[in-house]
1. Just to verify a result, which residue in the range 234-261, among those that are assigned to a loop (DSSP other than H, G, I, E, B) and either open to solvent by less than 20 Å² (accessible area, probe 1.4 Å) or modelled with pLDDT under 95 (or both), is farthest from Val175 (Cα to Cα)?
2. Of all residues in the range 129-150, which are in contact with a helix residue (DSSP H, G or I) (Cβ under 7 Å, 6 or more places away or on another chain) and more than 19 Å from Phe193 (Cβ to Cβ)?
3. Give me the strands (runs of 3 or more DSSP E) completely within the range 8-85, filtered to those with at least 1 residues that are farther than 30 Å from Ala147 by Cβ and among the aromatic types (Phe, Trp, Tyr), ordered by residue number.
4. Looking at (1) over 26 Å from Gly238 (Cα atoms); (2) buried (at least 23 other Cβ atoms within 10 Å of the Cβ), which is the only condition Leu308 fails?
5. Identify the residue in the range 66-97 that is in contact with a Gly (Cβ under 9 Å, 6 or more places away or on another chain) and hydroxyl-bearing (Ser, Thr, Tyr) and, among all such residues, is farthest from Ala110 (Cα to Cα).
6. In the set Val231, Val220, which member is in a helix (DSSP H, G or I) and touching an Asp or Glu at 6+ places or on another chain (Cβ under 8 Å)?
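The values are calculated or read from the model by the stated rules, or taken from the named source; none is laboratory data. Please read these numbers as outputs of a predicted model, since none were measured by experiment. All Cβ positions, glycine included, derive from the backbone under ideal geometry; neighbour counts span all protein chains shown. Keep in mind that these areas ignore ligands, DNA and RNA; they rest on the heavy atoms of the full protein, side chains included. Shrake-Rupley method; radii C 1.70, N 1.55, O 1.52, S 1.80 Å.
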Amino acid sequence: MNGTELVTGIGELTTHDESSERLHDAALVIGEGRILWIGPAAQAPAADRRTDVDGRAVLPGWVDTHTHLVFGGDRSAEFEARMAGRAYAAGGINTTVAATRAAPEEQLVATARNLRHEAETQGTTFLETKTGYGLDVASEERSARAAANVADVVTFLGAHIVPAGMDRRAYIDLVTGPMLTAALPYVQFIDAFCETGAFDVEEAREVLLAGRAAGLGLRVHGNQLGFSGGVRLAVELGAASVDHCNYLEPADIDALAAGTTVATLLPACDLSTRQPFPPARQLLDAGVVIALATNCNPGTSYTTSMPLCVATAVLQMGLSVGEAVWAATRGAARSLGRDRGADAVGSLFVGGRADLQVLNAPSISHLAYRVGVPLTAAVWRKGVRVD
């Protein structure tokens, strides 16, 4: 729909621009996919349409920077076994690899689109997703193409695990050579799972440097199951983000604080795998930039709910509501290099993208205060209301 739209009657407006203040009795005007005006509701200019949110809270749309939406099959049996006491191990990914290779590409796209829409109806307006369930050249290329049809940012994760029956050295050569070349037209980042059962530090470094040489940004799965060295590798290479961060030594926190790498925490995954939560409070107090993401995938975190992640970060990880919401919006945007400029996401400012959500609540505090209650009342993505 063309023209301008006034969103007024905002009881509490969280912008996450350069100020962390929440505005009250506010309004904003949307036009051509952008924010055209922000200010007191009593001073709002005229617009072609008017939407009164009747005292509800408005905030930026969630920025989900770690998902695995392109997959086939189901791992509910593995989940039940884990809940019965079996420990999580990286090798379970092979189940999804087999199902993904067997699925038609149109089915992979349809599954990813359904999950994206599910995320949007809970306030997510910008989303990254990864390959990593094909693990051969044809399947990774197909996964990257499917992901590019659905996500805003795509990450190549050929280095997820070494697939069953494949020689380790031969597989790394495949990932850094033909597989990377095949995925390259569709992706912006490269990632490596630096963990016991996946890839060690030197193997992950080789993969990441190959991606950098091809022009890709760097992301790392690190320190999920133990002190894998992935966090310090990410900082050493200047990766945009290191994700999981469950097991951190003081030197890891110091390295993150001294570097530019964002620590992306995945609380829904920690609930599902019964891993200890990352030391989020220590990270923030040390000056580390953190992000929150869902890690939506069929094995360890089959949820698209950023509100769940925010609530868990508050209730279990020691963050304030404001800190958790910032981490799920502007902090997450920083991990993608999208927190500043005209194409920034995760914040609301005049001239910026109109990615916003309305809560069926008067304040963002209700995201944790009313945990588990669906509070998303309305969502706009690039100025268009999500159906």
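1. Let us first name the residues in the range 234-261 that are assigned to a loop (DSSP other than H, G, I, E, B), namely 238-240, 245-249, 259-261.
Checking which are either open to solvent by less than 20 Å² (accessible area, probe 1.4 Å) or modelled with pLDDT under 95 (or both) leaves us with 239, 245-246, 261.
Values: Ala239: 19, Cys245: 24, Asn246: 26, Thr261: 24 Å.
This residue is Asn246.
2. Glu141, Arg142, Arg145, Ala146, Ala148, Asn149, Val150
3. On the way: elements: 22-31, 34-40, 49-52, 57-60, 62-64.
It comes to 34-40.
4. (2)
5. It comes out as Tyr88.
6. Numbers: Val220 fails: in a helix (DSSP H, G or I).
The conditions single out Val231.
Residue-by-condition table, conditions (1) buried (at least 19 other Cβ atoms within 10 Å of the Cβ); (2) polar (S, T, N, Q); (3) not in a helix (DSSP H, G or I):
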| position | (1), (2), (3) |
| --- | --- |
| Gly134 | yes, no, yes |
| Ser139 | yes, yes, no |
| Ala147 | yes, no, no |
| Met166 | no, no, yes |
| Gly215 | no, no, yes |
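Residues are listed down the side, and each one gets a yes or a no for (1) touching a Gly at 6+ places or on another chain (Cβ under 6 Å); (2) surrounded by fewer than 24 Cβ atoms within 10 Å (Cβ to Cβ); (3) assigned to a loop (DSSP other than H, G, I, E, B); (4) at negative phi:
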position: Ile172; (1), (2), (3), (4): no, yes, no, yes
position: Pro178; (1), (2), (3), (4): no, yes, no, yes
position: Ile190; (1), (2), (3), (4): yes, no, no, yes
position: Ala204; (1), (2), (3), (4): no, no, no, yes
